[in-house]
Every structure is written in C-alpha cells, then in structure tokens.
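The values are calculated or read from the model by the stated rules, or taken from the named source; none is laboratory data. Bear in mind that the values here come from a model prediction, so they are computed numbers and not experimental data. Using ideal geometry, Cβ is built from the backbone for each residue, glycine included, and neighbour counts are taken over all protein chains shown. Ligands, DNA and RNA are stripped out before the accessible areas are found, and what is left, the full protein with its side chains, is counted by its heavy atoms. Shrake-Rupley method; radii C 1.70, N 1.55, O 1.52, S 1.80 Å.
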Amino acid sequence: MKRKDSEIQDTIENRDRIHVVMFFLGLLFLALAVVILARVVIIQTTYSVDNSVIGLFRPRIQKHTEVPVRGRILACDGRPMALSAPLYDIYMDCTVLKQEFVDRNDPDGERLWRKKADTLAYYLSNQFRDRTAQQYRDLIINGRERGSRNVRIQRNIDLATLNIVETFPLFKEGPYRGGIIVRPHEERIYPYDSLARRVIGYVKDSIRIGLENNFDYVLHGREGYEWRRVTDDKQWIRDLDSNRVRAIDGNDIRTTINVDFQDIADRALRTRIAEDDDIRAGIVIIMEASTGAIRAMVNLSRGNTPQTTLWERENIALREVGEQGSVMKTVSLLSLVEDGYVTNLEQTIPTNNGFVQGYRQDVHILDYQNETGRRDISVMHGFEISSNYVFTYLAENYYGSNPSEFFDHIYSYRLGEAFDFDISGLGTPVVNRPGTPSWSRTSLGTTAYGYGISVTPLHVATFYNAIANKGRMMKPYLVEDIEKDGRVITTFEPMVLNNICSRATADTVTRALRQVVVNGTATRLRGAKLNVAGKTGTAQVVLSSQERNGSTDPYHDINGRKKNQGTFVGFFPSENPKYTILVTVYSYLSGRSFYGGTIPALVVRDVVDQIYAIDGSWNNTLRPANANVPVLDSRVATSDNGQIPDVRGLGLREAIYSMESSGYRCTYEGSGHVSSQTPAAGSTLAAGETVRLVLR
C-alpha cells in the first residue's frame, strides 16, 4: 500500500524534535509552579486585606449602648416620688404592601388594606380620644399617598395600652403587613405631679435642678454596651463573637419628705393665696426640730403677671436672699438673753416717745403711751407688738460700744454664710457688719429689727429650729439614705452645725415666742389644735431700677407702690417642739401691705390643724412598749356652738351617739376606743356631714 505524503514519518529526527518541545514545556510549567509557590509564600507572610473589602463579605457590626434604669426618689415612708418606667411610642409605616400590590396588579388587595385602615382609625380614636376617626384615617391615608414610612400615631403609652393597640385591625398583622412600629424608651414618672417638684427637680438636656441633679451620680447607674450585627432582613441582633458589658441600674435615694405633710402644706398655701392677684409667690418649710430633716418644702409662684397659674417654678426657699423684717428680732432677743443683758423678759426700758437718735421714730410707741399712760415698756411687750424702737434701743444701749459683739452672734447662728445643702443653689447671706462698705452709723439698730441683713428663708427656718431644739442647731437635709434593691448602702445621719445658746436661753426665748401668739401679732394662731410659738415679720423688698421707674426710694416706685413679704416662722407644739414651720408670701408691686400675722399665720394654722388630725402621736394611743390601755371615758361629748365634739377616749357606741346627737354622720375603722377623729374636734362642719373615727 502506498503511504501518503501528509503522514508524519516516525523517524529518529522527528522523535528528537518532540522531546525537545516537551522538555521546554516542562521547564515552563516548572517555572510557573515556582512563581506560584513564591507568590503564595509572599501572600501568606506579607499580604493584608483592605478593610473596605472585608466589609463586603462580613455582616456589619455596631456598638450599642445599654442605658441603665434610673434609680427612684422615695419619700420618707418609701412611696415613690420619681421613678423610671418603660413607655412606648407608636409609629406607622404607611407604605407596607403598597408596591407589592402595584407589582401584582392587585387593586383588590389595596382596597382591602385601606378598608382595614378605616377600621384601625376608628379603634385608635376610640382608644385615645385625641382625634376623630376621620382625622386618624386622613393621617394614615395621606401618609400612604406621600410614601411616609414613619408617621407618628401616639407617644408615651404604657405596656397595657400597647398590648391593646397591638390587637387592633391591621396592627395585629405586624410590622411587615400592618406597618406598626413600636419604639420603647424609659420615661421619668412623677406620681404626685407637681408636688415638691422643685425639691425633686429633673435632668433634661442642659437643665438640671433639684435632687435629680445633685444625686445624678447615684441615680444614673453605669451604662453598658454590646456589639450587634445586622441580619439579612435588616434586623439588629447581638454579635456573640464580641464582648458584652451589662448596664448597672441606678440606686434609689430615700428623702426626708413626708408626702402627707407636703400635700397638706401645698394645699393650705395654694388655698390661701390662689384668689389674691397681688401675691406673686409663697413658700412653706416644715423641718423636724430634733434632726433638721426637711419634711415639706413648698415653692409656689406665678409668672410675671397675676393671671399665670401657681406652680413650682423656682426654689424660692433656697435662692431668695432678702431682708426678712421682724422675724429677725428673735436674733437680737436671743443674743441679749445669752449675753446676760436681758435677764428677765419683764424688765423695762424707757419709751422716749419711740425715738432713738439717728433713727426713724416708732409711732407704735406713741400709741402704747396713749393707751397705757406708761413711759416704760417691758422687753416682752415690745417683742409681742414687734416694736422697732425697743430693739433699736436695746442694741444701741448694750452693743453700741462694740457692735462686733452682736454681729459675732449672727455668724455663730450661721446667718452670715451659706452652708452645704442637698440641693445646690442656696443663697449666700449679706450682712452689713463693721468694716464692710455698707456699714453706717445706723446699721446696728436696723439690723437689730430685721433690716441691713439679707438671708434666705431656709436660714431663718434653721435658726428657729435651733431654738425649738433647745439651742442645738441642726443642719437641714433632704436625703436620709441611698438604697439598692431595698437594701440601705449609705446612711446620712443628722449633723449638728452649732450650739447657739444654752437650754435656759432657748426656753426664755420660746416663752417670748409663745406670747407673740397669745397676746401679740400672731393671735390668729391662738385656736390652733396644737400650741404654736413663733414670730411674725413684714419686710419691704428692695426694688430694681426698672421697678422704681425713676424713684429715688429703694422700696417704692414712682407711684408709691411697693413689694412686700410677710412671714410667720415658729414651731409646735410649743411645750415640746416637734416641727418648725416657716410660711412666707411675696407680693407684686402693689399699694397693699402683707403682714406675717395674716395670710402666713392662717396657713400655719391650717397646716398645724391638719397635721394634728392625721398624726396619731398627738393623742393617747395604745403603746406596745408598755401595753398600758387608756381608761375608757364614759362621758358624753356635746357640740359647742356648731363645732365638732371631742369624742376621743369614748367607746364606739358613745362616740356615734355624741356625733349623731350633734347632727353629724359617722364612719369608723378599728376596734377599742376612739384614738383620733377627722375633722379634728372644734372644727366647724355643716350638719349632715361625715366625721371619720379611728379606734384602737
């Protein structure tokens, strides 16, 4: 067979050529392998991946801050006055399923969704009653037309309400079909609304006041954090490969505030000043005599005009530094008695027609001379009628040669400086003492009767509280302890500021303060359920240049109007003081005068009577320590001039008989004999009204 010319001849020459080609191909592949191996080694030892590239292949992670639960602020009996609670804001994605209906060309689906939205609007209106059903429908449908994914439906609802809302039509289908968006957050709750709000305070943005501010380091706790990653459906979940630090919730603080006392004081003050448009503000301080614990602090004020509502706008009791008027005469009397210059309250001084050289004449002394025909007056009576002359004369006569002796007393009473307090902002007193630019020849006498020295109401209350506590001045305080889960971790004990006088001096001054109520300027307190000792004071307030409007008189404007403050400060019961109380009212520019013996004294009486009614310690109650049962009284109580009879100590049958005979109805609780009654005995009550009895 003849071989074709195109076939490759199997010759030695051809085989050698193939071997050469294969040899060089082998060398090529070997070189490539070496290059690849070298490249792998280089990558393994030196190469680093760009972080932006890693993000394309790994789920995105984010640091999430875990906010601790803020601690509570408690009243002295444990009732919460401020606490944090979870609340919820409801928003709505109005665009859910809209594009899906368009893509599927499903107009029936869209009509059904809108019909459910109509029903949802009806349910929302019925639940919240802040919009009509049509307004809610317009809100939702307009949001759908605009493509809104974040329409606010309601804010700050509680969990119970949220559970109800989540059962409503459309919302019950969840976020992806119903559009409901729930955003939880912690909200600060104040169960007693405005009660003691300037004491409790708040922390919001840059505004930080009260206990919320000063004890923020205790209440706030410690923040935690965790890393979270986003899932394919754009939900954030915890990244288990990362560390987590748990938040530590804040501690609680227990205050000295007695909620019942605070409420009584607030209502008493509000009732007395609410209808008087000339009164700008009023305050009440109730302090426990033996410890300095603040049991109530009320700060009610209006705005720049009388038409505004009384509200806890500012802490006047701490910040208002001003001349206090005649309540400061007690400072002079205490100093005179302690120094031995006044050894007997009945000792007399000449009246001199009410004139001390260099000072304004006291015309009240002229009235006294005309009424009595006397040309001398006792220290006690001068104190009762609050005579400026008497205390100017005493100060000039005994301290005139050495005024610093008198002013040293003022500083020992802590009336010349600000002391530490649980709330920041306590004003610093101003004292025109020798050596200061404001000192003049008449500064001694004017200071003796309450001018020339400016202090805060809290300073005044603290001073009087020292007299009630037999000369021992206690530092006022608002926080009793710090607690964690009900366990006390830090306790704040009562602290002594100073011993300002002897017990005998305190007793002498207390007798004088009691006479002010019995025979002096505070006789409106004579009928109080507990004996009260105290002093009234009226002071004119220095006006600003704008308020004077061209007048050269610092206390009057060009039309003769002035600003007054009237104060009563004292303690009760006077024979064994338990509480110190201060009430001050402040006026707008007015032609009227406001005296401490009028509205302030009436507020004090209201407070004392109501505290008496709710505090069983004033009455003869069974004491477990000795188990002595008071003898059951067999008398029959009767009404006197339409006043509620005193049925304490009676058995139930006798008490009901006495009340019904006097025209009143009765409710009662407990068993045994009557230990207390509300309203208190002696109160005036319309026939047919109800008296509540407590039996023990």
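How high is the FRET efficiency from D205 to S424, r the C-beta distance, R0 22 Å, rounded to 0.05? The computed FRET efficiency comes out at 0.80. Of the cross-linked pairs K529/K563; K535/K563; K535/K578, which ones have a Cα-Cα span greater than 22 Å in the structure shown? Going by Cα-Cα distance, K529/K563 fall outside the 22 Å limit.
Computed from these coordinates, which is P(r) over Cα pairs in 10 Å bins from 0, in percent: (1) 3, 15, 26, 25, 17, 10, 4, 1, 0; (2) 3, 11, 16, 17, 14, 11, 9, 6, 4, 2, 2, 1, 1, 1, 1, 0, 0, 0; (3) 3, 14, 23, 25, 20, 11, 4, 1, 0? Identified label for the calculated read-out: (2).
Where does helix 403-412 land angle-wise versus the long Cα axis of the chain, in degrees 0 to 90, nearest 10? Rounded to the nearest ten degrees, it is 50.
A simple spin-label model places pseudo-atoms 7 Å from Cα toward Cβ; at L25 and H364 they are separated by 12.8 nm. Averaging the sequence gap over all C-alpha pairs within less than 8 Å and six or more residues apart, then dividing by the number of residues, gives the chain a relative contact order of 11 percent. Of the accessible area of region 195-245, computed with a 1.4 Å probe over protein heavy atoms only, carbon and sulfur atoms account for 43 percent.
Using a Förster distance of 25 angstrom, determine the FRET efficiency expected from the C-beta separation of A133 and E173, and round it to 0.05. For A133 and E173, the calculated efficiency is 0.80.
Per Stokes-Einstein, at 37 °C and 0.692 mPa s, what whole-number D in µm² s⁻¹ belongs to region 230-276, with the Kirkwood radius over Cα pairs as the hydrodynamic radius?
It diffuses with D of about 198 µm²/s by this estimate.
Using a probe radius of 1.4 angstrom, the carbon and sulfur fraction of the accessible surface of region 276-394 is 43%.
Here is the size of region 269-312 from its Cα atoms: Rg then Dmax, 12.8, 41 Å.
Starting from the exponent 0.38 and prefactor 2.2 Å, build the expected Rg for region 144-253 from its residue count and divide its actual Cα Rg by it. Rounded to two decimals, the normalised Rg is 1.47.
Roughly speaking, what is the stretch gain from D481 to E186, that is 0.36 nm per residue apart minus the C-alpha to C-alpha distance, in nm to one decimal? Don't skip to the answer; put the middle values down first.
Details: separation 295, 0.36 × 295 = 106.20 nm, distance 2.44 nm.
Result: 103.8 nm gained on full extension.
In the context of the full set of protein chains, residues of region 365-483 present 34 Å² of accessible surface per residue (probe radius 1.4 Å, heavy atoms only). Calculated accessible area for region 143-236 comes out at 59 Å² per residue, all protein chains present (probe 1.4 Å; ligands, DNA, RNA ignored). Overall, the ratio between the Cα radius of gyration of region 31-177 and 2.2 N^0.38 Å, rounded to two decimals, is 1.83. Helix 329-338 sits at what angle to the longest principal axis of the chain, using alpha carbons and giving 0 to 90 degrees rounded to 10? Result, in degrees: 70.
Summed over all non-identical Cα pairs, the Kirkwood treatment of region 71-155 gives a radius of 15.3 Å. 3J(HN,Hα) along region 385-392, derived from phi through the Karplus expression 6.51 cos²θ - 1.76 cosθ + 1.60 where θ = phi - 60°, amounts to 8, 6, 7, 5, 4, 4, 7, 5 Hz, with x in place of Gly and Pro. Largest first, the three principal axis extents of the alpha carbons in region 526-607 are 51, 17, 13 Å in whole numbers.
In nm, to one decimal, how far is the T348 label point from the D408 one, both placed 7 Å along Cα→Cβ? According to this spin-label approximation, the distance is 3.3 nm. Straight-distance candidates among the lysines for linking to K63, with alpha-carbon spacing under 21 Å and chain neighbours fewer than 8 residues away dropped: K234. Between the beta carbons of D103 and I141, assuming R0 = 25 Å, the FRET efficiency works out to 0.75 to the nearest 0.05. When the helices of the chain are scored as -39500 (n - 2.57) per DSSP H run of n ≥ 4 and the total is divided over every residue, the value at 222 nm lands at -10000 deg cm²/dmol.
Across the accessible surface of region 458-523, with the other protein chains kept in place and a 1.4 Å probe, carbon and sulfur atoms take up 46 percent. For region 177-216, the relative contact order works out to 24 percent when only alpha carbon pairs closer than 8 Å and six or more residues apart are counted.
In this simple spin-label model, placing a label point 7 Å from the Cα along the Cα-to-Cβ direction at both R374 and E314 gives a separation of 4.4 nm. Report the far tail of the P(r) of region 200-251, meaning the percent of Cα-Cα pairs longer than 17 Å. Every Cα pair in region 200-251 considered, those over 17 Å come to 56 percent. Computed with a 1.4 Å probe over protein heavy atoms only, the accessible surface of region 502-608 comes to 37 Å² per residue.
Provide the net charge surrounding A395, with neighbours chosen by a C-beta distance below 12 Å and charges set as Lys +1, Arg +1, Asp -1, Glu -1.
In short, -2.
Put simply, the amide H of G179, placed in the peptide plane, has no neighbours under 5 Å, leaving out anything fewer than 5 places away on its chain. Three principal axis extents of region 435-588 based on alpha-carbon atoms, in descending order, are 60, 43, 35 Å.
When Lys and Arg each count +1 and Asp and Glu each count -1, what net charge do the other residues less than 15 Å away from R503, Cβ to Cβ, add up to? Don't skip to the answer; put the middle values down first.
Values: positive: K470, R472, R511; negative: E338, D507, E575.
Cβ neighbours under 15 Å give a net charge of 0.
With respect to the chain, whose longest principal axis is taken over its alpha-carbon atoms, helix 457-468 is tilted by about 50°.
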